[in-house]
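Below is one structure, written out as structure tokens; comments come after it.
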Amino acid sequence: MPRGLTDDQREQFVQEGFVCIENAFSSEVADAARAILWRETGCDPQDPATWRQPVVRIGDCAQEPFRKAANTPVLHRAFDELAGSGRWLPRESLGGFPIRFPSALDPGDTGWHIDASFAPDEPVSYYAEWRVNVRSKGRALLILFLFSDVGRDDAPTRIRIGSHLRIPSLLMPRGEKGMSCMELGLAASAATEGMPEALALGAAGTVYLCHPFLVHAAQPHHGVTPRFMAQPPLYPRVPFELNRKDGDYSLVEQAIRAGAPTMV
């Protein structure tokens, strides 16, 4: 049996909004994936003069190393514990990659936010117009896959610890329609200002499993080695339920209910 989450990790997820899984996939898989990503960037890993932009975005990657990274037994067991056994869909790719390079330029995308999870009924032109609702329609988890070693100077994702508990009360009055990514980002940033922060640090092969309402932000790269990270959602197989007759709540659902006591 793959290792499961400890009691402390389960409690951390509910109270702080994330858990870190070290060695979630192998360094060999990380190396193979990074070689693919380097080719996709068009940059030369041996020539920093070719690293002209602070961030290069690569589209969805579904090659074998990415599928392997997303589907290790350790991660599948953690998905069961966090999102509920049988309630999530395996990933066949890892979505887009914001690859961050050492640069003095402003990357222009470092605001505090929550990732959107579903498109509105009407056609929209921008991802910022996608939405989030209190049942986290369309997203079971936010996942951060580290494909390179990430230290404090390497643009680690910033996390507001426990911020996910302040989001349900913002979303509840908006019902199933929820809020747009842009509107919720502004409200969530203000509602969680001053909360303690953590950084998504670790060796290649580390994975952070985050509550879908966790407030987080990018930052400029002040180190020397580019940072390779994927940040896909885990998709739900069935919608989250916040009023279960059998009381069999997943940890994601427990955290939403903890942030909205009027649901209980």
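The values are calculated or read from the model by the stated rules, or taken from the named source; none is laboratory data. Keep in mind that what you see is a predicted model, and the values were worked out from it rather than measured. When we count neighbours, we look across all protein chains shown, and the Cβ atoms used for this are built from the backbone with ideal geometry, even at glycine. We work out accessible area using only protein heavy atoms, side chains counted, and drop any ligands, DNA or RNA first. Shrake-Rupley method; radii C 1.70, N 1.55, O 1.52, S 1.80 Å.
The table for this structure:
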quantity: Region 37-149: C-alpha gyration tensor shape, a/c 1.5 cut-off, then a/b vs b/c; calculated: oblate
quantity: Rounded to whole Hz, the Karplus (6.51, -1.76, 1.60) HN-Hα couplings of region 123-128, x for glycine and proline; calculated: x, 9, 9, 10, 4, 4
quantity: The chain - percent of accessible surface contributed by carbon and sulfur, probe 1.4 Å; calculated: 51 percent
quantity: Cut-off under 5 Å, modelled amide H: who pairs with I161 long-range; calculated: E197, A198
quantity: Translational D in µm²/s for region 54-97 (Stokes-Einstein at 20 °C, 1.002 mPa s, Kirkwood Rh from C-alpha pairs); calculated: 185 µm²/s
quantity: Proximal aspartates and glutamates relative to K177, as straight alpha-carbon distance under 17 Å, when same-chain residues fewer than 8 apart are discounted; calculated: D115, D121, E122, E129, E241
quantity: Among (i) 18.8, 58; (ii) 18.0, 60; (iii) 18.0, 55, the entry derived from the coordinates for Rg and Dmax of the Cα atoms in Å; calculated: (ii)
quantity: For region 88-105, 3J(HN,Hα) per residue [Karplus equation, 6.51 cos²θ - 1.76 cosθ + 1.60, θ = phi - 60°, Hz, x = Gly/Pro]; calculated: 9, 10, x, 8, 9, 7, 10, x, x, 10, x, 8, 9, 10, x, 6, 8, 7
quantity: Test item: Cα-centred dipole of the chain, Lys/Arg +1 and Asp/Glu -1 on Cβ, debye; calculated: 440 debye
quantity: Rg/Rh (Cα only; Kirkwood hydrodynamic radius) as it applies to region 110-180; calculated: 1.03
quantity: Most positive-pole-ward Cα, G194, G178, A69, against dipole of the chain from beta carbon charges; calculated: G178
quantity: Under the Karplus curve 6.51 cos²θ - 1.76 cosθ + 1.60, θ = phi - 60°, whole-Hz ³J(HN,Hα) for region 200-213, x wherever Gly or Pro sits; calculated: 7, 9, x, 7, 3, x, 7, 10, 9, 9, 10, 4, x, 9
quantity: Residues of region 106-160: accessible area per residue with a 1.4 Å probe, Å²; calculated: 42 Å²
quantity: Sites E183 and T225, calculated FRET efficiency, Cβ-Cβ separation with R0 35 Å, nearest 0.05; calculated: 0.45
